[in-house]
Amino acid sequence: MIALLQRLARHGRLVLIAGLVVGVTAPGLAGILAPLIFPMIVCLLFLATLRVDPIAAFPDRRHLPRYLGIAVALQVGMPVLAIALLWAVGGLNSILGIGAVLVLAGAPLTGSPGLAILSGGDPSPALRQLVVGTAILPLTVFPVFWLMPVFGAPQAVALAALKLLAVIGFAAGAAMILRRAVPWLRGAQGQGTVDGVITLAMAVVVVGLMSAVGPAILSGDPGLWRALAVVHRAGQATAAPALAIVAGNRSLALFLGALPPETGAAMLLFIGCYQVPMYLTPMLIGPLARRAS
């Protein structure tokens, strides 16, 4: 089993693409897995923290201002700029416009450290940015929601963010305790095994997230191709691996509860399409990271 998991880790990029394919071609399975998305995301955070040195999991006092500055720029500056541009072109209330602002206003994706590992980069900066971004999300959503009243009450989103922060603290704390108690996890074999489990978990998660994409393809929904065009154009703006991953891969789950039900249902296709460039990230960034190093 350990050898199999390590083999999965070595071929992690292909495994992620396989998850995308299964999510599109097996809508029945995707529908079954959809209710399990949140527990699986929490599991991914646990595994990512298990993989990283716990001392490096959080920014120290000297580096905290830099991580805070990046989080504010990503979660406030970028969505406010997007709102201004969308207002100028009359697309502020469109599904694609709402989706774009949601992506930019969200905290980094819970699986960002896993994507960093699969891209050949250091997962520690991605994990630190994830923790800082989620911690300040209850504050950063207020200017965005004030400018975009279609999202509903920001208090509901702030409460959801606090709940998620508590879950993150529990998952990360449990992983740190386990990592310290089991020295094997800190060795090369243990890290390779955890990498394999992360790869497998991310491939399973994306199957559920793609539940709306398969039916859209079968029905010939033109919105599918518009959404794919938007998310691919945004997803190709890459720089340094860790920053590129946290900037381009954000968590949308917190915001769905604040949207009107009809808007939330319409967003499912956009969210499914958003997984495509997200899960292609290791394939795109990996060669760039190796070339830069």
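Structural remarks
- Subset of the range 79-123 [modelled with pLDDT under 85 and among the polar types (S, T, N, Q)]: Asn93, Thr110, Ser112, Ser119
- Annotation note: of Pro39, Pro113, Pro27, Pro125, the sole residue that is touching a Pro at 6+ places or on another chain (Cβ under 6 Å), within 24 Å of Thr193 (Cβ to Cβ) and either surrounded by fewer than 23 Cβ atoms within 10 Å (Cβ to Cβ) or in contact (Cβ under 8 Å) with a residue 24 or more places away in the chain (or both) is Pro113.
- Pairs are defined by a Cβ separation below 7 Å, a sequence spacing of at least 6 or placement on different chains, a first member in the range 183-211 that is surrounded by 20 or more Cβ atoms within 10 Å (Cβ to Cβ), and a second member that is in a loop (DSSP other than H, G, I, E, B); the pairs so defined are Met202/Gly111.
- Some residue of the range 58-73 being crowded, with 19+ Cβ neighbours inside 10 Å, among the aliphatic types (A, V, I, L, M) and modelled with pLDDT of 85 or more: yes
- Flag for Ala82 being without any contact (Cβ under 8 Å) to a residue 40 or more places away in the chain, small (Gly, Ala, Ser) and surrounded by 19 or more Cβ atoms within 10 Å (Cβ to Cβ): yes
- Look at (1) basic (Lys, Arg); (2) touching an Asp or Glu at 6+ places or on another chain (Cβ under 9 Å); (3) more than 19 Å from Leu127 (Cβ to Cβ) and you find that Arg7 fails only one, number (2).
- Residue in the range 144-159 that is under 21 Å from Ile70 (Cα atoms), at pLDDT 85 or above, in a helix (DSSP H, G or I) and in contact with a Pro (Cβ under 7 Å, 6 or more places away or on another chain) present: yes
The values are calculated or read from the model by the stated rules, or taken from the named source; none is laboratory data. Worth saying up front: this structure is predicted, and the values here are computed from it rather than measured. Methodologically, a virtual Cβ is constructed for each residue, glycine included, from the backbone with ideal geometry; neighbour enumeration extends over all protein chains shown.
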